[in-house]
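In what follows, a structure is listed as structure tokens, so that the remarks can point back to it.
The values are calculated or read from the model by the stated rules, or taken from the named source; none is laboratory data. Owing to the predicted nature of the structure, the values given are computational and were not obtained by experimental measurement. Here the Cβ is made from the backbone with ideal geometry for all residues, glycine too, and neighbour counts use every protein chain on show.
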Amino acid sequence: MILQNLSKRAESLDTIDALSHLVDDFCLPADCIYLDGNSLGPLPLSAKQRAREVVELQWGDDLITSWNKHAWISLPQRVGAKIAPLLGSLPEQVIACDSISVNLSKVLCAALNIQQHSSTQRNVVISQQDNFPTDLYMVQGLSELVGPQRCSLISVPENKILSAIEEYADTAAVLMLTHVNFRSGRIHDMQAITKAAHAKGILVIWDLAHSAGVLDLELDKCEVDFAVGCTYKYLNGGPGAPAFIYAAKRHWDDIKQPLSGWMGHKKPFDFAHDYSVADGMTRFLVGTPPVVSMSILDAALDTFDGISTKQIRAKSVSLTQFFQDAFNALIEDKRFTLITPNEHALRGSQLAFSHPQAYAICQALIAHKVIADFRAPDILRIGFSPLFLTHKQLLDAVLRLKEVLDTEQYLLAEFQTKQAVT
Ligand SMILES: *Cc1c(COP(=O)(O)O)cnc(C)c1O
């Protein structure tokens, strides 16, 4: 009876799903239920076609003329402009380049530099203790280079951000946060936190790794200063696809970033001796763009054409709630603890459960063609990528999970051994 009801509900939710037509735009192996679009988005058909085109025709046939003929040179700006509407940004405020880590170092330097020109007191970068490690590492590396008197990291628990803004009101230069926590899925209130930081003269950098492509972001409206994000997660840009930077136009003239490579030069093909910074977001570019990867990303973004971030968020909420209900109704193992908040407003597009056997359960699920992921120390993380998942698939995933648990298959040695990438 329970199962029948869930099954009926899945069917009716799939019927009213405004994005259901997009399922056919992705290449996924038959019978695979992919709940890991938050780590590596699947292959869009458009990206597959472009991959062949860029390699065989553009590189193969047109060779170096493609920089002009196929406008390879303007890919960073064009791709940025395609990402911008997903962030609630003017098109010219976003550029695609490098990785989140490298981009963070550029925007951190830019923000610190702006602050140190207006007040010499501000040297503190406030962040959250459980941030994605690379974000903290980048601040630590910068601090080693320029010294703690110019850059000093203070990381506080996630629920102490507002009090840290008060406490460091006079010394904080930058508040650097990850919008959706990669482990728990907890979401920060971007508008309220940005406003509170600005009230104390602190600039704000948001990491949107688990936000871009699934949330109804409004960076311009929230008056965000800088943001970074990656495109291989919910944007389905492919493994190692370039990341992006957002910088509010009002800061452009004051931005200085130290990676002054030739692609960020005003006239790279003048081959001048001295650096002269380019206008607008181009100043964030460093070296030659990864053309193959960025072309694939460019095509992958076409999947978002004609759909709104509100529709995407609505589907994400619906999928997440349905999975949670099916899980609660069918899974009896009491060792699972949901560490993601219950309220939709407080969580992104994932559910994270801690369980002492999380790693082995995840491996056993993969053997049943349900791909989720494991995050140390004991988290089974389930991502709900709204463009290609159906509610029916989620019910099937919960049923396969139930089978793995009921039969205790996860105890098999093959599922207990950790692999290099988890
Ligand atoms: C995935 C992720 C990154 C990845 O950074 P790269 O430098 O692009 O590898 C950074 N921050 C967060 C919050 C992430 O989830």
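General remarks:
- Candidate set from the range 51-72 (those that are of a type in the set (A, V, I, L, M) and free of Cβ contacts under 8 Å to residues at least 40 places away in the same chain); member that is nearest to Gly280 (Cα to Cα): Ala71
- Being touching a Leu at 6+ places or on another chain (Cβ under 7 Å) and outside any loop (DSSP other than H, G, I, E, B) holds for only one residue in Ser89, Ser74, Ser66, Ser127, and it is Ser127.
- Selection status of Ile339, among the β-branched types (Val, Ile, Thr), farther than 20 Å from Asp216 by Cβ, in contact (Cβ under 8 Å) with a residue 60 or more places away in the chain and not assigned by TED's automatic domain parsing to the domain that holds Leu57: yes
- Test: residue in the range 264-271 that is crowded, with 16+ Cβ neighbours inside 10 Å, more than 13 Å from the ligand (Cβ to nearest atom) and either over 22 Å from Ser89 (Cα atoms) or under 18 Å from the mean Cα position of the chain (by Cα) (or both): yes
- Restricting the first member to the range 352-375 and to residues that are under 12 Å from Val404 (Cβ atoms) and assigned by TED's automatic domain parsing to the domain that holds Arg186, and the second to residues that are part of a strand (DSSP E or B) and at pLDDT 95 or above, no beta-carbon pair is closer than 9 Å while six or more apart or on different chains.
- In the set Ser12, Ser66, only one residue is assigned by TED's automatic domain parsing to the domain that holds Leu235, more than 29 Å from the chain's Cα centre (by Cα) and of a type outside the set (D, E, K, R); that residue is Ser66.
- Single residue of Ala81, Ala47 found to be aliphatic (A, V, I, L, M), part of a helix (DSSP H, G or I) and closer than 30 Å to Gly201 by Cα: Ala81
- Subset tally (residues that are within 12 Å of the ligand (Cβ to nearest atom) and crowded, with 16+ Cβ neighbours inside 10 Å) for the range 236-263: 6
- Single residue of Ala18, Ala30 found to be over 16 Å from Asp298 (Cα atoms), modelled with pLDDT under 95 and not in a helix (DSSP H, G or I): Ala30
- Looking across the range 83-103, just one residue is charged (D, E, K, R) and under 11 Å from Phe244 (Cα atoms), and that is Asp98.
- Residues in the range 80-138 that are acidic (Asp, Glu) and within 10 Å of the ligand (Cβ to nearest atom): Asp98, Asp135.
- Hits in the range 342-354 (condition: over 13 Å from Gly383 (Cα atoms) and either crowded, with 16+ Cβ neighbours inside 10 Å or acidic (Asp, Glu) (or both)): Glu343, Ser354
- Verdict on Asn38 being of a type in the set (S, T, N, Q), touching a Phe, Trp or Tyr at 6+ places or on another chain (Cβ under 7 Å) and either part of a helix (DSSP H, G or I) or not assigned by TED's automatic domain parsing to the domain that holds Thr320 (or both): yes
- Neighbours by Cβ (under 6 Å, 6+ apart or cross-chain): first from the range 127-143, assigned by TED's automatic domain parsing to the domain that holds Leu108; second of a type in the set (Val, Ile, Thr) and within 10 Å of the ligand (Cβ to nearest atom): Asn131/Thr178; Phe132/Thr178
- Flag if Arg186 is away from the ligand (no atom under 16 Å from the Cβ), of a type outside the set (A, V, I, L, M, F, W, C) and not assigned by TED's automatic domain parsing to the domain that holds Phe384: no
- Given (1) surrounded by fewer than 20 Cβ atoms within 10 Å (Cβ to Cβ); (2) touching a residue at least 24 places away in the same chain (Cβ under 8 Å); (3) charged (D, E, K, R), number of the condition Lys48 does not satisfy: (2)
- Residue in the range 161-180 that is among the acidic types (Asp, Glu) and within 27 Å of Leu301 (Cα to Cα) present: no
- Looking only at the range 301-321, residues that are surrounded by fewer than 18 Cβ atoms within 10 Å (Cβ to Cβ), under 11 Å from Leu215 (Cβ atoms) and touching a Ser or Thr at 6+ places or on another chain (Cβ under 8 Å) come to 0 in all.
- Selection status of Tyr246, among the hydroxyl-bearing types (Ser, Thr, Tyr) and over 20 Å from Ile193 (Cα atoms): no
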